[in-house]
Amino acid sequence: MKTLREYVTDAVVKKIAIGHFNISNIEGFWATVRAARELGSLAGRDIPVIIGVSEGERSFIGVSQVKALVESYVRETGQSVFLNADHTYSFDKVREAVDAGYDAVIYDGTEQSFEDNVTITKKCVEYAKKKNKNILVEGELGFIGKSSKILSSIPAGVKISEEFLTKPEFAKKFVTETGVDLLAPAVGNIHGMLAGGKDPALNIQRIREISDAVKIPLVLHGGSGNSAEDFRMAIDAGVVIIHVNTELRVAFRNALRRTLGDNLDEIAPYKIMRPSVSAMQEVVTEKLKIFNKI
Ligand code: G3H
Ligand code: ZN
């Protein structure tokens, strides 16, 4: 199986993006890997996916348990499934994920000063690379909110007008000084999704400028609520990985609500959860089609 770095390089060449889907439980895992497998067999090609677990998500599943799950599935099926320690707020938690054998880690220093973000991200890069030469380390520059939830307005502390987005010159300095493999900028994207299901448009021009300045692959966070056209243009401008979470959570919750309401006597968890898996799988499939140009 190719490494995640090789898939990222492929994606750059093919101008496609790898889907990154956050999970909180095994239902999310099955939804993601089944969507990739079924779409892959339909398209007659390999569709790699990244399973993302934030600090909260991985503490719920278990830091090494989710790693064991992905590893055993990959060993059994040979499918290209990778594991990312998403939004990690301290060096110690990055070290924990690196030691557990994750394929990728993100240090999220977006609430730190630029200098502190650089210092800690650099420390994470050095530690990760010493431990695992194949690991990908992502840095973040520009605050886009913190929660994958339904929003009534743009998250507090986030501004999406041009002057508040990540600036190409700072992005370049950040990447040069830290040595990250991937960069997540603020380009009009927000974590979470506005209640109407439609987030503001991305600033494609800024994505292109940052990509030209840093010359490393970009990661688009906050993918819920963005249009297919925005995704296509963002990929064309330099985005190589796209994160989606809120839309999966909504699909899970809505299906669960329906299932429980319609089957008051059902108590078997695997029967109760099945429609939620299918609902999340539909979301993942729809996104993977866009990201992989299928
Ligand atoms: O890292 C997670 C993502 O950026 C998810 O964002 O909940 O807006 O899809 P989202
Ligand atoms: Zn994110």
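Please treat every number below as a calculation from the coordinates, not as lab data. Quick caveat: nothing in here was measured; it's all calculated off a predicted structure. Positions of Cβ are backbone-derived with ideal geometry, glycine not excepted, and every protein chain shown enters the neighbour counts.
Counting Lys and Arg as +1 and Asp and Glu as -1 over every other residue whose Cβ lies under 14 Å from the Cβ of residue 130, the net charge comes to +4.
Across the chain, Cα pairs under 8 Å and at least six residues apart give a relative contact order of 21 percent.
A 31 angstrom limit on the alpha carbon distance is what I want to check against. Which of 130/173; 149/271; 133/173; 2/271; 131/287 exceed it? Over 31 Å Cα-Cα: 2/271; 131/287. The amide H of residue 136, built 1.01 Å from its N in the peptide plane, has 104, 105 as neighbours under 5 Å, considering only residues 5 or more places off or on other chains. Between the helical axis of 63-77 and the longest alpha-carbon principal axis of the chain there is an angle of about 70 degrees. Phi-derived couplings, Karplus 6.51 cos²θ - 1.76 cosθ + 1.60 at θ = phi - 60°, listed residue by residue for the range 132-146: 8, 5, 8, 5, 9, 10, 10, x, 10, 9, x, 7, 10, x, 10 Hz, with x used for Gly and Pro. Residues considered: 228, 85, 171. Largest GNM mean-square fluctuation over the chain, using C-alpha springs under 10 Å, is found at 228. Near the amide H of residue 167, within less than 5 Å, lie no amide hydrogens of residues on another chain or at least 5 residues away, with H placed in the peptide plane. The distance linking the range 179-208 with the range 1-79 is 21 Å (Cα centroid to Cα centroid, whole angstrom).
Largest first, the three principal axis extents of the alpha carbons in the range 4-291 are 58, 41, 37 Å in whole numbers. Taking amide H as placed 1.01 Å from N in the peptide plane, residue 226 has its amide H under 5 Å from the amide H of 199, each at least 5 places away in sequence or on another chain. For residue 115, the shell of other residues with beta-carbons less than 12 Å away shows a net charge of 0, using +1 for Lys and Arg and -1 for Asp and Glu.
Within the P(r) computed for the range 19-91, what percentage of the Cα pairs occupies the region above 15 Å? Value for the range 19-91: 51 percent of Cα pairs lie more than 15 Å apart. Per the Debye calculation on the range 100-235 with a single equal scatterer at every Cα and no solvent contribution, log₁₀ I(q)/I(0) for q = 0.10, 0.13, 0.15, 0.16 Å⁻¹ amounts to -0.32, -0.54, -0.72, -0.81. Ranked by the mean number of other Cβ atoms within 10 Å per residue, highest first, peptides 180-186, 261-267 order as 180-186, 261-267.
Listed peptides 73-83, 11-21 appear in the order 11-21, 73-83 once ranked by packing, highest mean of other Cβ atoms within 10 Å at the front.
For the range 80-88, putting each phi into the Karplus relation 6.51 cos²θ - 1.76 cosθ + 1.60 with θ = phi - 60° gives couplings of 7, 10, 10, 10, 10, 7, 6, 4, 10 Hz, in residue order, rounded to whole numbers and with x for Gly and Pro. Helix 26-43 sits at what angle to the longest principal axis of the chain, using alpha carbons and giving 0 to 90 degrees rounded to 10? Once rounded, one gets 80 degrees. Descending by average beta-carbon neighbour count within 10 Å, the peptides 197-209, 110-122 line up as 197-209, 110-122, the highest first. Using C-alpha pairs under 8 Å with a sequence gap of at least 6, the mean separation divided by the residue count of the range 166-294 gives a relative contact order of 22 percent.
Against the chain, whose longest principal axis comes from its Cα atoms, helix 114-131 is set at around 70 degrees. 3J(HN,Hα) couplings calculated from phi for the range 174-187 with the Karplus curve 6.51 cos²θ - 1.76 cosθ + 1.60 (θ = phi - 60°) are, in sequence order, 4, 5, 5, 7, 9, x, 5, 8, 9, 10, 9, x, 9, 9 Hz; Gly and Pro show x.
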